[in-house]
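Single-structure report; data block below.
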Amino acid sequence: MALRSGSPSPGRVPEVPTCFIAPFKIPRQINPVAYQLLLPRSMQVHLRPYLPLTTSPLKSINSLQAASTAHEARLAEVENCAVFCENTANELLTKYNKLKSEVTDLQNICDDLKGRQRRNYIRVLGLPEGVEGLQPTEFMAELLKKVLQLEEKTVLDHTHRLLKAKPKDGEPPRPLVIRVHHFQTKELILCKAKQAAGSRRFWGGNKISIFPDLASAVAKKRAVIRGVREG
């Protein structure tokens, strides 16, 4: 039987000559050195087409090992970056919580200072715009004595309208902000004002209300518990 020579067609595994099937077993991997030294030249000619089939898997394995090594290095680098980012985030979170606590303390201190600054202030609502004239402090001292039936004229430091745009026709007037010279006198004014229903008094046909001038933060907190206090 004649042996077939030549290279196998692409995509088709070459057939092993039948004369080598019985006496020989083709190993899975053919060592090129052993291929040249141990086999006769006549067999080398016929086995030459099968040599690339055994060496190409080795090249593929080597390339896969190189790619795996590169991927392991990249994964180690990514892991180090993740650890660094996690540590940095923990440090930032610790600093954030510390700063948040400090800001809360400062806010409480500011609210306390605002409250202490306004401890002698009262607000009067319901007086029409301009009735206080050019001397609002003297006007309010006389009005408080008359409306609240005080024994003597109240000592006031200053009086002014709430600092906002002057209301248009039909809009409610701005409140009057008054600083009482003595804290005890301010408490007496508020006590006299509460003796009327809803702390309301009348002057010149106008219904007026007298309240303590509280900071906005304190006013919001009091509004939350207003229902409990009234109940």
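All of Arg161, Arg222, Arg179 fail the test of being under 43 Å from the mean Cα position of the chain (by Cα), over 11 Å from Ile122 (Cβ atoms) and modelled with pLDDT of 90 or more, apart from Arg161.
Check segment 37-53 and report whether any residue there is modelled with pLDDT under 90, of a type in the set (Val, Ile, Thr) and surrounded by 10 or more Cβ atoms within 10 Å (Cβ to Cβ).
In the first step, residues of segment 37-53 are kept if they are modelled with pLDDT under 90; the result is 37-53.
Keeping just the survivors that are of a type in the set (Val, Ile, Thr) gives 45.
Remaining after also requiring surrounded by 10 or more Cβ atoms within 10 Å (Cβ to Cβ): 45.
Yes; the residues of segment 37-53 include at least one that is modelled with pLDDT under 90, of a type in the set (Val, Ile, Thr) and surrounded by 10 or more Cβ atoms within 10 Å (Cβ to Cβ).
Restricting the search to helices (runs of 4 or more DSSP H) fully inside segment 119-231 and requiring at least 3 residues that are more than 30 Å from Gln107 (Cα to Cα) and not hydroxyl-bearing (Ser, Thr, Tyr) gives 136-147, 183-194. The single condition among (1) under 19 Å from Ile189 (Cβ atoms); (2) in contact (Cβ under 8 Å) with a residue 24 or more places away in the chain; (3) surrounded by 11 or more Cβ atoms within 10 Å (Cβ to Cβ) that Gln149 does not satisfy is (3). hydroxyl-bearing (Ser, Thr, Tyr), surrounded by fewer than 12 Cβ atoms within 10 Å (Cβ to Cβ) and either without any contact (Cβ under 8 Å) to a residue 40 or more places away in the chain or closer than 22 Å to Lys114 by Cβ (or both) - does that describe any residue in segment 176-188? Checked segment 176-188: no residue is hydroxyl-bearing (Ser, Thr, Tyr), surrounded by fewer than 12 Cβ atoms within 10 Å (Cβ to Cβ) and either without any contact (Cβ under 8 Å) to a residue 40 or more places away in the chain or closer than 22 Å to Lys114 by Cβ (or both).
The values are calculated or read from the model by the stated rules, or taken from the named source; none is laboratory data. Keep in mind it's a predicted model, so treat the numbers as computed, not measured. Using ideal geometry, Cβ is built from the backbone for each residue, glycine included, and neighbour counts are taken over all protein chains shown.
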